[in-house]
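Down below is the structure, laid out as structure tokens.
The values are calculated or read from the model by the stated rules, or taken from the named source; none is laboratory data. Since this is a predicted model, take the numbers as computed values, not measurements. All Cβ positions, glycine included, derive from the backbone under ideal geometry; neighbour counts span all protein chains shown.
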Ligand code: NAD
């Protein structure tokens with residue numbers, strides 16, 4: 001019961017594949033009370049049964065681009081709970097037509113919208129949530145390695161993740177004096193509604209599993225365990241960090257020899273066929 005009695009706002013649950021759902025369920029198992037809004041009306045039928053299964057509250061529409069819905073959610077949390085101990089930000093969006101091909105072709109409209117939904121939402125949610133963290137608190141966001149290095153097709157979302165990682169460091173500096181910590185989990189790739197929009201996701205998952213030091217992909221249990229640690233007092237001196245939960249992928253500099261051989265063999269075969 002690492003989170004016994006803690007009140008945690010979980011954003012970003014779309015369905016039972018969502019990383020936010022895995023984290024909500026695990027936090028509930030560890031004794032937390034959960035608030036679980038959803039982004040838009042068509043998600044309610046998926047999110048409400050999940051919320052009911054863990055007794056989550058504040059199951060209401062909250063699109064981060066809608067100030068009235070944001071005001072309403074936080075007013076209700078303040079009047080019913082009076083405080084918050086934790087918040088998960090698990091929100092990202094970009095036009096999937098621009099999550100393939102060249103970053104250079106990103107439109108101004110999609111650049112702005114991607115940054116607004118995927119980055120500014122952390123700033124806005126943090127400002128609102130921190131006002132209710134009167135006994136200190138812990139905020140966690142979800143990021144990806146594509147913000148540190150270029151990853152094929154990740155494009156503008158990679159640039160948004162760089163800004164998200166940087167926001168974590170600035171917000172940690174703002175909030176530390178109020179005993180509020182904020183950290184990012186840099187999760188390895190996993191199939192979800194959001195990631196299915198990134199071009200070539202299936203082959204990326206296959207390659208990634210073979211390239212990590214642990215020779216597998218990250219699981220929902222891996223990410224939810226790390227989130228429990230960051231929400232709990234076990235991580236009481238950790239803030240402003242980007243914590244990689246990626247089976248070690250981000251620590252490697254070159255693909256392993258056995259995989260290199262397989263890839264080169266594939267290339268040779270292709271060259272033969274092209275002759
Ligand atoms: P997901 O589709 O389950 O979650 C994305 C969530 O963002 C959805 O619940 C969606 O409703 C929400 N959202 C989008 N626009 C919104 C808006 N305007 N207002 C409120 N909510 C909005 O997919 P996921 O993969 O679990 O994504 C959660 C987070 O994890 C994202 O930030 C994503 O970039 C990040 N991440 C994902 C992976 C991966 O491989 N799946 C890896 C690393 C990081």
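For (1) touching a strand residue (DSSP E or B) at 6+ places or on another chain (Cβ under 8 Å); (2) closer than 30 Å to residue 28 by Cα; (3) at pLDDT below 95, each residue gets a yes or a no:
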site: 200; (1), (2), (3): no, no, yes
site: 204; (1), (2), (3): no, no, yes
site: 214; (1), (2), (3): no, yes, no
site: 219; (1), (2), (3): no, yes, no
site: 223; (1), (2), (3): yes, yes, no
site: 239; (1), (2), (3): yes, yes, no
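Looking only at residues of segment 116-145 that are assigned to a strand (DSSP E or B) and surrounded by 19 or more Cβ atoms within 10 Å (Cβ to Cβ), we find that the one that is farthest from the ligand (Cβ to nearest atom) is 137.
Those residues that are touching a residue at least 12 places away in the same chain (Cβ under 8 Å), within 15 Å of the ligand (Cβ to nearest atom) and farther than 19 Å from residue 146 by Cβ, I need them from segment 70-91; list them, please. Result: 70, 72, 73, 74, 87, 88. Does residue 234 meet the test of being surrounded by 19 or more Cβ atoms within 10 Å (Cβ to Cβ) and at pLDDT 95 or above? No: the conditions fail for residue 234. If you go through segment 183-201 and keep only what is under 15 Å from residue 154 (Cβ atoms) and more than 9 Å from the ligand (Cβ to nearest atom), you end up with 199, 200.
Quick grid of which residues meet (1) more than 16 Å from the ligand (Cβ to nearest atom); (2) touching a strand residue (DSSP E or B) at 6+ places or on another chain (Cβ under 7 Å):
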position	(1), (2)
26	no, no
29	yes, no
33	yes, yes
40	no, yes
46	no, no
68	no, no
93	no, no
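The lone criterion from (1) under 23 Å from residue 134 (Cβ atoms); (2) surrounded by fewer than 17 Cβ atoms within 10 Å (Cβ to Cβ); (3) in contact with a helix residue (DSSP H, G or I) (Cβ under 8 Å, 6 or more places away or on another chain) left unmet by residue 34 is number (2). Here the condition is being within 11 Å of the ligand (Cβ to nearest atom), part of a helix (DSSP H, G or I), surrounded by 14 or more Cβ atoms within 10 Å (Cβ to Cβ) and touching a residue at least 60 places away in the same chain (Cβ under 8 Å); of 223, 228, it holds for 223 alone. For residue 143, indicate whether it is out of contact with any strand residue (DSSP E or B) (no Cβ under 9 Å at 6 or more places or on another chain) and touching a residue at least 24 places away in the same chain (Cβ under 8 Å). Spelling it out, it is not the case that residue 143 is out of contact with any strand residue (DSSP E or B) (no Cβ under 9 Å at 6 or more places or on another chain) and touching a residue at least 24 places away in the same chain (Cβ under 8 Å).
Out of 51, 109, one residue alone is free of Cβ contacts under 8 Å to residues at least 40 places away in the same chain and touching a strand residue (DSSP E or B) at 6+ places or on another chain (Cβ under 8 Å). It is 51.
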